[in-house]
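J.: Here it is, the structure, as structure tokens.
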Amino acid sequence: QVQLVEFGGGLVQAGESLRLSCAASGIIVSSNAMGWYRQAPGKQRESVAAITRGGSTNYADSGKGRCTISRDNAKNTVYLQINSLKPEDTAVYYCAAWPPGLYYSGSPPGSWGQGTQVTVSS
């Protein structure tokens with residue numbers, strides 16, 4: 001059973017930085033495409049960033065410029081660094097994983113974490 005557990009969310013002030021962690025079990029993060037999504041109140045869930053098995057990264061508009069996705073293979077953990085946080089970054093952030101090969105076809109992730117709340121105050 002794939003389990004993705006997010007850590008690192010919380011209440012921060014605008015302009016600060018935050019690093020979210022996704023601890024994975026049941027899969028090896030270096031062998032799968034992994035990503036981060038977010039969902040703000042009243043809005044649909046949207047992609048933020050993804051990292052492929054080969055280590056290539058991809059950022060949606062919501063994640064470009066201020067976000068960095070990375071992984072620590074030894075810890076089997078994926079990270080999302082968010083710099084210069086803005087109030088509009090307030091959302092529940094979800095870690096996600098794709099079954100092998102499906103990321104490239106545009107399919108949605110096959111596994112999701114429970115989410116971690118990020119609240120940015122002005």
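J.: Take the stretch 18-36 and flag every residue that is within 15 Å of the chain's Cα centre (by Cα) and surrounded by fewer than 16 Cβ atoms within 10 Å (Cβ to Cβ).
T.: Selection gives ARG19 alone.
J.: Run SER107 past the list (1) outside any loop (DSSP other than H, G, I, E, B); (2) touching a Phe, Trp or Tyr at 6+ places or on another chain (Cβ under 8 Å) and report the number of the one that doesn't hold.
T.: Status for SER107: all satisfied but (1).
J.: With the condition kept exactly as written, say whether any residue in the stretch 62-70 is charged (D, E, K, R), touching a residue at least 40 places away in the same chain (Cβ under 8 Å) and not in a helix (DSSP H, G or I).
T.: There is no residue in the stretch 62-70 that is charged (D, E, K, R), touching a residue at least 40 places away in the same chain (Cβ under 8 Å) and not in a helix (DSSP H, G or I).
J.: Within the stretch 37-59, restricting attention to residues that are touching a Phe, Trp or Tyr at 6+ places or on another chain (Cβ under 6 Å) and either open to solvent by less than 20 Å² (accessible area, probe 1.4 Å) or not in a strand (DSSP E or B) (or both), which residue is farthest from VAL118 (Cα to Cα)?
T.: Taking the candidates together, the pick is ALA49.
J.: Here's something else I'd like to know. For SER84, which of the numbered conditions (1) out of contact with any Lys or Arg (no Cβ under 9 Å at 6 or more places or on another chain); (2) outside any strand (DSSP E or B); (3) not basic (Lys, Arg) fails to hold?
T.: Evaluating SER84 over (1) out of contact with any Lys or Arg (no Cβ under 9 Å at 6 or more places or on another chain); (2) outside any strand (DSSP E or B); (3) not basic (Lys, Arg) leaves (1) as the failure.
J.: Here's a follow-up. Go through the stretch 60-103 and count every residue that is of a type in the set (Asp, Glu) and exposed (fewer than 12 other Cβ atoms within 10 Å of the Cβ).
T.: Result for the stretch 60-103: 2.
The values are calculated or read from the model by the stated rules, or taken from the named source; none is laboratory data. Keep in mind that what you see is a predicted model, and the values were worked out from it rather than measured. Glycine also receives a Cβ, built like all others from the backbone with ideal geometry; neighbour counts cover every protein chain displayed. We work out accessible area using only protein heavy atoms, side chains counted, and drop any ligands, DNA or RNA first. Shrake-Rupley method; radii C 1.70, N 1.55, O 1.52, S 1.80 Å.
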